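One structure is given here, and the rest of the page talks about it.
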Amino acid sequence: MERIQKLFELLAGISAEEDARLARAKAIFADNRWDVTALHIPACWRRRQRSGM
């Protein structure tokens, strides 16, 4: 199966470097370490009130 996949990639023009670059990009950007639950609240409600006005 891997052999067929490699042949298809050669026919489609996908190089090993491009495949490695895609794997690196997925590893970097697929990491969900951000807490996005706070973004459901509008920014004006998340900001602290300024004192001294």
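The values are calculated or read from the model by the stated rules, or taken from the named source; none is laboratory data. As the structure is a computational prediction, the values presented were derived from the model and not from experiment. Methodologically, a virtual Cβ is constructed for each residue, glycine included, from the backbone with ideal geometry; neighbour enumeration extends over all protein chains shown. Quick note on the areas: whole protein, heavy atoms, side chains included, nothing else; ligands and nucleic acids left out. Shrake-Rupley method; radii C 1.70, N 1.55, O 1.52, S 1.80 Å.
Points to keep in mind about this one:
- Solvent-accessible area per residue in the chain equals 112 Å², computed with a 1.4 angstrom probe and all protein chains kept.
- Expected 222 nm ellipticity per residue - DSSP helices of 4 or more, -39500 (n - 2.57), all of the chain, to 500: -16000 deg cm²/dmol
- Hydrodynamic analysis of the chain uses the Kirkwood radius over alpha carbon pairs. Inserted into Stokes-Einstein at 10 °C and 1.306 mPa s, it gives a translational diffusion coefficient of 102 µm²/s.
- Restriction of the trypsin sites (Lys or Arg not before Pro) in the chain to DSSP coil positions whose beta-carbon has at most 14 other beta-carbons within 10 angstrom yields Arg33, Arg47, Arg48, Arg50.
- The chain: angle of helix 16-29 to the longest principal axis, Cα-based, in degrees nearest 10: 20 degrees
- A DSSP coil position with no more than 15 other Cβ atoms inside 10 Å describes the following chymotrypsin sites (Phe, Trp or Tyr not before Pro) in the chain: Trp34.
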